[in-house]
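Notes for the one structure printed next.
The values are calculated or read from the model by the stated rules, or taken from the named source; none is laboratory data. Quick caveat, the model's predicted, so the values are computed rather than measured. Glycine gets a Cβ as well: all are built from the backbone with ideal geometry, and neighbour counts include every protein chain shown. Side chains included, ligands, DNA and RNA excluded: accessible areas come from the protein's heavy atoms. Shrake-Rupley method; radii C 1.70, N 1.55, O 1.52, S 1.80 Å.
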Amino acid sequence: MNSWISPLSVDKFYSGVLYIKAPSMFLRDWVVNNYADVILRFCKKESREIRSLEVFVCSMRSSVAEKSDSKIVAAEEKRKKQESSILGVPLDPKFTFKNFVVGKPNEFAHAAAMRVAESDKVAFNPLFLYSAVGLGKTHLMQAIAWHIKERTPRRNVAYMSAEKFMYHFIKSVRDKDMMAFKEQFRSVDVLMIDDVQFICGKDSTQEEFFHTFNALVDNNRQVIVSADKSPSDLNGMGERLKSRLGWGLVADIHQTNYELRLGILQSKLEDCPIKIPEKVLEFIARKVTSNVRELEGALNRVIASADFSGNEITIECAKEFLSDLLRACDKKITIEEIQKKVASHYSIKLSDMSSSCRARKVALPRQIAMYLAKKLTATSLPEIGRNFGGRDHTTVLHAFKKIEERTGTDPDILRDIKLLSSLIA
Ligand code: ADP
Ligand code: MG
(Lines give C-alpha, C1' and ligand atoms only; values in the text may rest on other atoms or scores of the structure.)
(Ligands and ions follow the chains in the order given, each with its own letter.)
Protein backbone atom coordinates (compact mmCIF):
# COMPACT_ATOMS: atom_id res chain seq x y z
CA MET A 1 0.00 0.00 0.00
CA ASN A 2 2.86 2.34 0.79
CA SER A 3 3.91 2.57 -2.85
CA TRP A 4 0.45 3.94 -3.63
CA ILE A 5 0.25 6.36 -0.74
CA SER A 6 3.74 7.80 -0.49
CA PRO A 7 3.65 9.67 -3.83
CA LEU A 8 0.57 11.58 -2.60
CA SER A 9 0.88 14.95 -0.90
CA VAL A 10 -1.55 17.32 0.79
CA ASP A 11 -2.23 20.44 -1.20
CA LYS A 12 -4.65 22.41 0.95
CA PHE A 13 -7.61 22.24 3.28
CA TYR A 14 -10.59 24.32 2.32
CA SER A 15 -14.17 24.38 3.46
CA GLY A 16 -14.22 20.88 4.91
CA VAL A 17 -12.42 19.37 1.91
CA LEU A 18 -8.86 18.07 2.04
CA TYR A 19 -7.21 18.44 -1.37
CA ILE A 20 -4.59 15.79 -2.16
CA LYS A 21 -2.18 15.85 -5.07
CA ALA A 22 -1.38 12.68 -7.05
CA PRO A 23 1.42 12.53 -9.63
CA SER A 24 -0.58 10.72 -12.32
CA MET A 25 -4.11 10.04 -13.44
CA PHE A 26 -3.53 6.35 -13.02
CA LEU A 27 -2.45 6.71 -9.42
CA ARG A 28 -5.31 9.06 -8.67
CA ASP A 29 -7.89 6.60 -10.01
CA TRP A 30 -6.32 3.78 -8.13
CA VAL A 31 -6.23 5.65 -4.83
CA VAL A 32 -9.78 6.95 -5.24
CA ASN A 33 -11.09 3.48 -6.04
CA ASN A 34 -9.19 1.55 -3.44
CA TYR A 35 -7.98 3.69 -0.58
CA ALA A 36 -10.24 6.75 -0.39
CA ASP A 37 -12.26 5.38 2.54
CA VAL A 38 -9.21 4.39 4.53
CA ILE A 39 -7.52 7.75 4.01
CA LEU A 40 -10.66 9.66 4.91
CA ARG A 41 -11.15 7.66 8.07
CA PHE A 42 -7.55 8.27 9.03
CA CYS A 43 -7.81 12.02 8.31
CA LYS A 44 -11.03 12.35 10.30
CA LYS A 45 -9.21 10.93 13.27
CA GLU A 46 -6.64 13.72 12.95
CA SER A 47 -9.13 16.51 12.45
CA ARG A 48 -12.87 16.34 12.73
CA GLU A 49 -13.26 19.28 10.40
CA ILE A 50 -12.29 17.16 7.40
CA ARG A 51 -15.50 15.98 5.78
CA SER A 52 -14.31 14.77 2.41
CA LEU A 53 -11.29 14.27 0.18
CA GLU A 54 -10.52 15.49 -3.28
CA VAL A 55 -7.64 13.75 -5.06
CA PHE A 56 -6.42 15.53 -8.16
CA VAL A 57 -3.59 15.12 -10.64
CA CYS A 58 -0.72 17.47 -10.35
CA SER A 59 2.59 16.44 -11.81
CA MET A 60 5.55 17.93 -13.60
CA ARG A 61 4.00 16.61 -16.76
CA SER A 62 0.60 18.10 -16.27
CA SER A 63 1.88 21.42 -15.04
CA VAL A 64 3.86 21.61 -18.24
CA ALA A 65 0.72 20.72 -20.09
CA GLU A 66 -1.23 23.35 -18.21
CA LYS A 67 1.06 25.99 -19.60
CA SER A 68 -0.13 24.57 -22.93
CA ASP A 69 3.26 24.40 -24.46
CA SER A 70 2.06 22.29 -27.33
CA LYS A 71 5.52 21.29 -28.52
CA ILE A 72 6.45 19.80 -25.19
CA VAL A 73 3.11 18.10 -24.90
CA ALA A 74 3.50 16.60 -28.37
CA ALA A 75 7.00 15.40 -27.55
CA GLU A 76 5.72 13.90 -24.35
CA GLU A 77 2.89 12.15 -26.17
CA LYS A 78 5.32 10.78 -28.72
CA ARG A 79 7.63 9.53 -26.02
CA LYS A 80 4.74 7.81 -24.27
CA LYS A 81 3.64 6.23 -27.54
CA GLN A 82 7.14 4.94 -28.21
CA GLU A 83 7.48 3.71 -24.68
CA SER A 84 4.30 1.71 -24.88
CA SER A 85 5.03 0.31 -28.30
CA ILE A 86 8.19 -1.19 -26.84
CA LEU A 87 5.88 -3.37 -24.78
CA GLY A 88 5.08 -5.87 -27.53
CA VAL A 89 7.59 -7.99 -29.43
CA PRO A 90 8.38 -7.38 -33.12
CA LEU A 91 5.95 -8.99 -35.54
CA ASP A 92 6.92 -11.43 -38.28
CA PRO A 93 6.41 -9.69 -41.66
CA LYS A 94 5.21 -12.98 -43.17
CA PHE A 95 2.30 -13.37 -40.74
CA THR A 96 -0.29 -11.26 -42.54
CA PHE A 97 -3.85 -11.90 -43.66
CA LYS A 98 -2.65 -11.82 -47.24
CA ASN A 99 -0.43 -14.84 -46.58
CA PHE A 100 -3.05 -16.76 -44.63
CA VAL A 101 -4.85 -19.37 -46.71
CA VAL A 102 -8.46 -19.84 -45.70
CA GLY A 103 -10.21 -23.20 -45.85
CA LYS A 104 -12.96 -25.06 -44.02
CA PRO A 105 -10.85 -25.89 -40.94
CA ASN A 106 -9.92 -22.27 -40.20
CA GLU A 107 -12.63 -20.17 -41.84
CA PHE A 108 -14.46 -19.36 -38.62
CA ALA A 109 -11.31 -18.37 -36.74
CA HIS A 110 -10.22 -16.32 -39.76
CA ALA A 111 -13.57 -14.52 -39.96
CA ALA A 112 -13.47 -13.73 -36.24
CA ALA A 113 -9.89 -12.44 -36.53
CA MET A 114 -10.84 -10.31 -39.53
CA ARG A 115 -13.82 -8.87 -37.71
CA VAL A 116 -11.68 -7.79 -34.75
CA ALA A 117 -8.98 -6.39 -37.03
CA GLU A 118 -11.47 -4.39 -39.10
CA SER A 119 -13.53 -2.83 -36.38
CA ASP A 120 -12.73 0.14 -34.17
CA LYS A 121 -15.36 -0.84 -31.66
CA VAL A 122 -14.95 -3.83 -29.42
CA ALA A 123 -17.31 -6.46 -30.73
CA PHE A 124 -16.43 -9.31 -28.41
CA ASN A 125 -13.97 -9.45 -25.58
CA PRO A 126 -11.79 -11.38 -25.46
CA LEU A 127 -11.31 -13.07 -28.78
CA PHE A 128 -10.00 -16.48 -27.77
CA LEU A 129 -8.27 -18.55 -30.49
CA TYR A 130 -7.23 -22.10 -29.87
CA SER A 131 -5.84 -25.10 -31.72
CA ALA A 132 -3.18 -27.78 -31.61
CA VAL A 133 0.36 -26.64 -32.50
CA GLY A 134 1.32 -25.46 -35.93
CA LEU A 135 -2.16 -24.67 -37.20
CA GLY A 136 -1.86 -20.89 -37.47
CA LYS A 137 -2.73 -19.24 -34.13
CA THR A 138 0.37 -17.06 -34.02
CA HIS A 139 0.00 -16.27 -37.71
CA LEU A 140 -3.61 -15.11 -37.22
CA MET A 141 -2.82 -13.08 -34.09
CA GLN A 142 0.01 -11.24 -35.80
CA ALA A 143 -2.14 -10.72 -38.90
CA ILE A 144 -4.64 -8.90 -36.69
CA ALA A 145 -1.82 -6.81 -35.20
CA TRP A 146 -0.44 -5.85 -38.63
CA HIS A 147 -3.88 -4.99 -39.91
CA ILE A 148 -4.77 -2.74 -36.98
CA LYS A 149 -1.39 -1.02 -37.04
CA GLU A 150 -1.80 -0.30 -40.73
CA ARG A 151 -5.39 0.86 -40.59
CA THR A 152 -5.25 2.87 -37.38
CA PRO A 153 -1.60 3.59 -36.53
CA ARG A 154 -2.54 5.63 -33.48
CA ARG A 155 -3.98 2.57 -31.76
CA ASN A 156 -1.47 1.06 -29.46
CA VAL A 157 -1.19 -2.67 -30.16
CA ALA A 158 0.90 -4.95 -27.97
CA TYR A 159 1.49 -8.53 -29.03
CA MET A 160 3.51 -10.90 -26.85
CA SER A 161 3.65 -14.47 -25.63
CA ALA A 162 2.29 -15.31 -22.19
CA GLU A 163 5.87 -16.15 -21.28
CA LYS A 164 6.91 -12.58 -22.06
CA PHE A 165 4.01 -11.28 -20.00
CA MET A 166 5.27 -13.32 -17.08
CA TYR A 167 8.79 -12.04 -17.63
CA HIS A 168 7.56 -8.41 -17.50
CA PHE A 169 5.59 -9.17 -14.37
CA ILE A 170 8.41 -10.90 -12.50
CA LYS A 171 10.84 -8.21 -13.47
CA SER A 172 8.59 -5.46 -12.17
CA VAL A 173 8.05 -7.32 -8.89
CA ARG A 174 11.80 -7.73 -8.55
CA ASP A 175 12.49 -4.09 -9.38
CA LYS A 176 9.60 -3.02 -7.12
CA ASP A 177 8.11 -1.21 -10.04
CA MET A 178 4.61 -2.61 -10.26
CA MET A 179 3.24 0.81 -10.90
CA ALA A 180 5.11 1.17 -14.19
CA PHE A 181 3.99 -2.33 -15.14
CA LYS A 182 0.36 -1.55 -14.49
CA GLU A 183 0.56 1.78 -16.21
CA GLN A 184 2.21 0.28 -19.29
CA PHE A 185 -0.19 -2.60 -19.66
CA ARG A 186 -3.27 -0.53 -18.99
CA SER A 187 -2.32 2.00 -21.62
CA VAL A 188 -2.58 -0.33 -24.62
CA ASP A 189 -5.61 -0.33 -26.90
CA VAL A 190 -5.22 -3.91 -28.05
CA LEU A 191 -3.47 -6.51 -25.92
CA MET A 192 -2.61 -9.85 -27.49
CA ILE A 193 -1.28 -12.69 -25.40
CA ASP A 194 -0.15 -15.75 -27.34
CA ASP A 195 -0.01 -19.26 -25.83
CA VAL A 196 -1.73 -18.33 -22.60
CA GLN A 197 -1.57 -21.97 -21.44
CA PHE A 198 1.98 -21.11 -20.42
CA ILE A 199 0.72 -19.40 -17.26
CA CYS A 200 -1.33 -22.42 -16.14
CA GLY A 201 -0.22 -23.28 -12.63
CA LYS A 202 1.60 -19.95 -12.26
CA ASP A 203 -0.72 -18.38 -9.77
CA SER A 204 0.64 -14.91 -9.19
CA THR A 205 1.17 -14.25 -12.90
CA GLN A 206 -2.40 -15.39 -13.46
CA GLU A 207 -3.66 -13.10 -10.76
CA GLU A 208 -1.91 -10.16 -12.36
CA PHE A 209 -3.10 -11.15 -15.80
CA PHE A 210 -6.64 -11.34 -14.49
CA HIS A 211 -6.42 -7.76 -13.18
CA THR A 212 -4.82 -6.46 -16.36
CA PHE A 213 -7.47 -8.24 -18.39
CA ASN A 214 -10.36 -6.81 -16.36
CA ALA A 215 -8.94 -3.30 -16.37
CA LEU A 216 -8.63 -3.36 -20.15
CA VAL A 217 -12.03 -4.90 -20.78
CA ASP A 218 -13.65 -2.39 -18.39
CA ASN A 219 -12.05 0.39 -20.38
CA ASN A 220 -13.35 -1.00 -23.64
CA ARG A 221 -9.96 -2.09 -24.93
CA GLN A 222 -9.64 -5.21 -27.06
CA VAL A 223 -8.03 -8.33 -25.62
CA ILE A 224 -7.02 -11.27 -27.82
CA VAL A 225 -5.73 -14.50 -26.40
CA SER A 226 -4.55 -17.77 -27.90
CA ALA A 227 -4.04 -21.17 -26.32
CA ASP A 228 -3.62 -24.83 -27.19
CA LYS A 229 -6.96 -25.71 -25.55
CA SER A 230 -10.39 -24.22 -25.05
CA PRO A 231 -10.81 -22.01 -21.95
CA SER A 232 -12.64 -24.70 -19.99
CA ASP A 233 -9.91 -27.26 -20.72
CA LEU A 234 -7.07 -25.12 -19.39
CA ASN A 235 -6.07 -27.17 -16.37
CA GLY A 236 -4.15 -25.22 -13.79
CA MET A 237 -5.92 -22.01 -14.72
CA GLY A 238 -8.02 -20.45 -11.96
CA GLU A 239 -11.79 -20.86 -12.33
CA ARG A 240 -12.45 -17.11 -12.42
CA LEU A 241 -9.96 -16.53 -15.21
CA LYS A 242 -11.11 -19.61 -17.12
CA SER A 243 -14.69 -18.44 -17.14
CA ARG A 244 -13.68 -14.86 -17.99
CA LEU A 245 -11.64 -16.09 -20.96
CA GLY A 246 -14.71 -17.79 -22.35
CA TRP A 247 -16.94 -14.73 -22.15
CA GLY A 248 -16.16 -13.27 -25.53
CA LEU A 249 -15.85 -15.21 -28.74
CA VAL A 250 -14.09 -18.57 -28.68
CA ALA A 251 -12.88 -19.82 -32.06
CA ASP A 252 -10.87 -22.93 -32.78
CA ILE A 253 -8.78 -23.91 -35.76
CA HIS A 254 -9.35 -27.52 -36.74
CA GLN A 255 -6.88 -30.01 -38.12
CA THR A 256 -6.10 -29.30 -41.77
CA ASN A 257 -7.81 -31.09 -44.64
CA TYR A 258 -6.35 -32.00 -48.02
CA GLU A 259 -7.71 -28.94 -49.86
CA LEU A 260 -6.29 -26.52 -47.31
CA ARG A 261 -2.91 -28.23 -47.30
CA LEU A 262 -2.71 -28.10 -51.07
CA GLY A 263 -3.83 -24.46 -51.06
CA ILE A 264 -1.11 -23.57 -48.56
CA LEU A 265 1.57 -25.34 -50.62
CA GLN A 266 0.47 -23.54 -53.77
CA SER A 267 0.44 -20.18 -52.07
CA LYS A 268 3.91 -20.72 -50.59
CA LEU A 269 5.23 -21.46 -54.07
CA GLU A 270 3.81 -18.34 -55.65
CA ASP A 271 6.90 -16.20 -55.06
CA CYS A 272 9.36 -19.04 -55.27
CA PRO A 273 11.66 -19.14 -58.32
CA ILE A 274 11.86 -22.93 -58.14
CA LYS A 275 8.98 -24.76 -59.73
CA ILE A 276 7.60 -27.94 -58.22
CA PRO A 277 5.22 -30.06 -60.33
CA GLU A 278 1.59 -30.03 -59.19
CA LYS A 279 1.67 -33.84 -58.82
CA VAL A 280 4.42 -33.56 -56.22
CA LEU A 281 2.50 -30.90 -54.33
CA GLU A 282 -0.55 -33.14 -54.27
CA PHE A 283 1.59 -35.96 -52.99
CA ILE A 284 2.96 -33.84 -50.12
CA ALA A 285 -0.51 -32.51 -49.28
CA ARG A 286 -1.84 -36.06 -49.09
CA LYS A 287 1.00 -37.41 -47.00
CA VAL A 288 2.07 -34.69 -44.55
CA THR A 289 -1.05 -34.32 -42.47
CA SER A 290 0.23 -33.45 -39.01
CA ASN A 291 0.22 -29.65 -39.12
CA VAL A 292 1.09 -26.66 -41.28
CA ARG A 293 4.50 -26.16 -39.74
CA GLU A 294 5.57 -29.65 -40.81
CA LEU A 295 3.92 -29.20 -44.17
CA GLU A 296 6.02 -26.07 -44.74
CA GLY A 297 9.09 -27.94 -43.54
CA ALA A 298 8.43 -30.70 -46.07
CA LEU A 299 7.97 -28.22 -48.90
CA ASN A 300 11.15 -26.34 -47.98
CA ARG A 301 13.09 -29.55 -48.01
CA VAL A 302 11.80 -30.49 -51.45
CA ILE A 303 12.55 -26.98 -52.76
CA ALA A 304 16.09 -27.11 -51.35
CA SER A 305 16.71 -30.52 -52.91
CA ALA A 306 15.32 -29.40 -56.26
CA ASP A 307 17.54 -26.35 -56.17
CA PHE A 308 20.55 -28.44 -55.29
CA SER A 309 20.09 -31.17 -57.88
CA GLY A 310 18.83 -28.86 -60.64
CA ASN A 311 16.60 -31.66 -61.94
CA GLU A 312 12.84 -31.77 -62.16
CA ILE A 313 11.40 -33.16 -58.95
CA THR A 314 9.38 -36.34 -59.23
CA ILE A 315 7.18 -38.03 -56.66
CA GLU A 316 9.89 -40.66 -56.32
CA CYS A 317 12.53 -38.12 -55.28
CA ALA A 318 10.09 -36.36 -52.95
CA LYS A 319 9.46 -39.71 -51.27
CA GLU A 320 13.16 -40.14 -50.77
CA PHE A 321 13.78 -36.63 -49.42
CA LEU A 322 10.90 -36.91 -47.01
CA SER A 323 11.23 -40.54 -46.00
CA ASP A 324 11.61 -39.94 -42.24
CA LEU A 325 8.75 -37.46 -42.14
CA LEU A 326 6.49 -39.76 -44.13
CA ARG A 327 7.22 -42.68 -41.87
CA ALA A 328 6.14 -40.63 -38.83
CA CYS A 329 2.95 -39.52 -40.59
CA ASP A 330 2.13 -43.03 -41.77
CA LYS A 331 2.20 -44.38 -38.27
CA LYS A 332 -1.39 -44.07 -37.26
CA ILE A 333 -1.97 -44.69 -33.58
CA THR A 334 -5.05 -46.70 -32.67
CA ILE A 335 -6.87 -46.89 -29.35
CA GLU A 336 -6.53 -50.64 -29.39
CA GLU A 337 -2.77 -50.37 -29.65
CA ILE A 338 -2.73 -47.98 -26.68
CA GLN A 339 -4.89 -50.35 -24.63
CA LYS A 340 -2.62 -53.31 -25.45
CA LYS A 341 0.57 -51.48 -24.52
CA VAL A 342 -0.86 -50.08 -21.29
CA ALA A 343 -2.40 -53.42 -20.25
CA SER A 344 0.84 -55.25 -20.80
CA HIS A 345 2.87 -52.59 -18.98
CA TYR A 346 0.69 -52.92 -15.86
CA SER A 347 0.19 -56.70 -16.27
CA ILE A 348 -3.58 -56.59 -16.53
CA LYS A 349 -5.86 -58.21 -19.10
CA LEU A 350 -6.82 -56.33 -22.27
CA SER A 351 -10.47 -57.01 -21.40
CA ASP A 352 -10.00 -55.02 -18.17
CA MET A 353 -9.91 -51.92 -20.34
CA SER A 354 -13.61 -52.33 -21.09
CA SER A 355 -14.73 -54.06 -17.91
CA SER A 356 -16.75 -52.37 -15.19
CA CYS A 357 -14.31 -53.46 -12.49
CA ARG A 358 -13.30 -50.45 -10.37
CA ALA A 359 -10.45 -52.00 -8.39
CA ARG A 360 -7.51 -49.62 -8.26
CA LYS A 361 -5.23 -52.17 -9.90
CA VAL A 362 -7.19 -51.89 -13.15
CA ALA A 363 -8.86 -48.48 -12.77
CA LEU A 364 -5.63 -46.51 -12.83
CA PRO A 365 -4.17 -48.22 -15.96
CA ARG A 366 -7.55 -47.76 -17.64
CA GLN A 367 -7.50 -44.06 -16.87
CA ILE A 368 -3.96 -43.83 -18.16
CA ALA A 369 -5.03 -45.52 -21.39
CA MET A 370 -7.92 -43.06 -21.79
CA TYR A 371 -5.52 -40.22 -21.15
CA LEU A 372 -3.13 -41.46 -23.83
CA ALA A 373 -6.00 -42.03 -26.25
CA LYS A 374 -7.02 -38.39 -25.89
CA LYS A 375 -3.45 -37.17 -26.03
CA LEU A 376 -2.11 -39.25 -28.92
CA THR A 377 -5.09 -39.64 -31.22
CA ALA A 378 -7.59 -37.22 -32.72
CA THR A 379 -10.50 -39.32 -31.44
CA SER A 380 -13.36 -37.48 -29.74
CA LEU A 381 -14.20 -38.04 -26.07
CA PRO A 382 -17.48 -39.93 -26.74
CA GLU A 383 -15.68 -42.17 -29.25
CA ILE A 384 -12.94 -42.92 -26.73
CA GLY A 385 -15.64 -43.72 -24.15
CA ARG A 386 -17.23 -46.23 -26.55
CA ASN A 387 -13.88 -47.97 -26.94
CA PHE A 388 -13.61 -48.41 -23.19
CA GLY A 389 -16.72 -50.52 -22.65
CA GLY A 390 -19.27 -47.82 -23.52
CA ARG A 391 -18.23 -45.28 -20.91
CA ASP A 392 -19.61 -41.76 -20.93
CA HIS A 393 -17.52 -38.91 -22.35
CA THR A 394 -17.51 -37.21 -18.93
CA THR A 395 -15.77 -40.29 -17.49
CA VAL A 396 -13.09 -39.96 -20.16
CA LEU A 397 -12.70 -36.26 -19.43
CA HIS A 398 -12.45 -36.94 -15.71
CA ALA A 399 -9.76 -39.57 -16.33
CA PHE A 400 -7.87 -37.22 -18.60
CA LYS A 401 -7.89 -34.38 -16.09
CA LYS A 402 -6.97 -36.61 -13.21
CA ILE A 403 -3.99 -38.17 -14.97
CA GLU A 404 -2.83 -34.86 -16.33
CA GLU A 405 -2.86 -33.48 -12.81
CA ARG A 406 -1.00 -36.47 -11.46
CA THR A 407 1.75 -36.17 -14.04
CA GLY A 408 2.55 -32.90 -12.31
CA THR A 409 2.64 -34.34 -8.79
CA ASP A 410 3.54 -37.99 -9.10
CA PRO A 411 6.96 -38.75 -10.66
CA ASP A 412 6.11 -42.46 -11.07
CA ILE A 413 3.07 -41.68 -13.17
CA LEU A 414 5.02 -39.14 -15.19
CA ARG A 415 7.72 -41.73 -15.90
CA ASP A 416 5.15 -44.35 -16.94
CA ILE A 417 3.38 -41.88 -19.25
CA LYS A 418 6.64 -40.91 -20.90
CA LEU A 419 7.68 -44.50 -21.36
CA LEU A 420 4.30 -45.58 -22.74
CA SER A 421 4.12 -42.60 -25.09
CA SER A 422 7.49 -43.45 -26.54
CA LEU A 423 6.45 -47.08 -27.01
CA ILE A 424 3.26 -46.09 -28.80
CA ALA A 425 4.06 -42.96 -30.81
P1 ADP B 1 0.62 -22.06 -33.98
O2 ADP B 1 0.83 -20.70 -33.40
O3 ADP B 1 -0.83 -22.47 -34.00
O4 ADP B 1 1.49 -23.12 -33.38
P5 ADP B 1 1.72 -20.84 -36.34
O6 ADP B 1 0.83 -19.66 -36.47
O7 ADP B 1 3.09 -20.61 -35.81
O8 ADP B 1 1.01 -21.99 -35.51
O9 ADP B 1 1.81 -21.56 -37.78
C10 ADP B 1 2.86 -22.45 -38.12
C11 ADP B 1 3.31 -22.16 -39.53
O12 ADP B 1 2.27 -22.50 -40.44
C13 ADP B 1 3.61 -20.70 -39.76
O14 ADP B 1 4.75 -20.58 -40.58
C15 ADP B 1 2.37 -20.17 -40.47
O16 ADP B 1 2.68 -19.12 -41.37
C17 ADP B 1 1.90 -21.39 -41.22
N18 ADP B 1 0.44 -21.42 -41.40
C19 ADP B 1 -0.48 -21.91 -40.54
N20 ADP B 1 -1.72 -21.80 -41.03
C21 ADP B 1 -1.59 -21.21 -42.24
C22 ADP B 1 -2.54 -20.82 -43.26
N23 ADP B 1 -3.84 -21.02 -43.12
N24 ADP B 1 -2.04 -20.24 -44.37
C25 ADP B 1 -0.72 -20.05 -44.53
N26 ADP B 1 0.22 -20.40 -43.62
C27 ADP B 1 -0.21 -20.97 -42.48
MG1 MG C 1 2.10 -20.12 -31.83
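With a 1.4 Å probe and all protein chains left in place, how much accessible area per residue does the chain have, in Å²?
Here the per-residue accessible area is 55 Å².
Over the residues of segment 335-424, compute the C-alpha Rg and express it relative to 2.2 N^0.38 Å.
In units of the globular-protein estimate, segment 335-424 measures up at 0.96.
Only residues of segment 195-214 count here: report those whose backbone N is under 11 Å from the spot 7 Å along Cα→Cβ of residue 178, or say none.
Only 208 pass the distance filter.
Rounded to two decimals, what ratio of Rg to Rh does segment 258-330 give with C-alpha atoms and a Kirkwood Rh?
Here the Rg-to-Rh quotient is 0.92.
Over the chain, with every protein chain in place, what whole percent of the accessible area is carbon and sulfur at 1.4 Å, could you tell me?
The computed percentage sits at 53.
Dipole of the chain (Lys/Arg Cβ +1, Asp/Glu Cβ -1, origin at the Cα centre): which of 139, 372, 22 lies farthest to the positive side?
Ranked along the dipole, the leading option is 22.
What does the accessible area of residue 168 come to, in Å² to the nearest 10, when a probe of 1.4 Å is used?
Residue 168 has an accessible surface of roughly 40 Å² with all protein chains in place.
On a 0 to 90 degree scale, rounded to 10, what angle separates helix 203-218 from the longest Cα axis of the chain?
Approximately 70 degrees, to the nearest ten.
To the nearest 10 degrees, how steep is helix 36-46 against the longest Cα principal axis of the chain, on a 0 to 90 scale?
30
Over the chain, with a Gaussian network built from C-alpha contacts below 10 Å, which listed residue (347, 131, 267) shows the highest mean-square fluctuation?
Between 347, 131, 267, it is 347 that shows the largest mean-square fluctuation.
State, to one decimal in nm, how far the label point of residue 243 lies from the label point of residue 419, with both points 7 Å from Cα in the Cβ direction.
4.2
If I fit a long axis through the Cα atoms of helix 25-34 and take the longest principal axis of the Cα atoms of the chain, what angle between them do I get, 0 to 90°, rounded to 10?
The two axes meet at around 90 degrees.
Rounded, prolate or oblate: which one fits segment 83-140, using the alpha carbon gyration tensor with axes a ≥ b ≥ c (rounded when a/c is under 1.5, else prolate when a/b beats b/c, else oblate)?
Note, shape of segment 83-140 comes out oblate.
Computed FRET efficiency, Cβ-Cβ of residue 308 and residue 259, R0 41 Å: what is it to the nearest 0.05?
With R0 = 41 Å, the Cβ-Cβ based efficiency is 0.85.
Could you tell me whether the chain comes out rounded, prolate or oblate from its Cα gyration tensor? Rule is a ≥ b ≥ c as square roots of the eigenvalues, rounded for a/c under 1.5, then prolate if a/b exceeds b/c, otherwise oblate.
The shape class here is oblate.
So how strong a dipole does the chain carry about its Cα centre when Lys and Arg Cβ are +1 and Asp and Glu Cβ are -1, to the nearest 20 debye?
880
What shape does segment 122-255 take by its C-alpha gyration tensor, where a ≥ b ≥ c are the square roots of the eigenvalues and a/c under 1.5 counts as rounded, a/b above b/c as prolate, and the rest as oblate?
Oblate is the answer for segment 122-255, as a/c is 1.5 or above yet b/c matches or exceeds a/b.
Under 11 Å from the Cβ of residue 230, count the other residues' Cβ atoms, weight Lys and Arg +1, Asp and Glu -1, and hand me the total.
Here the count lands on -1.
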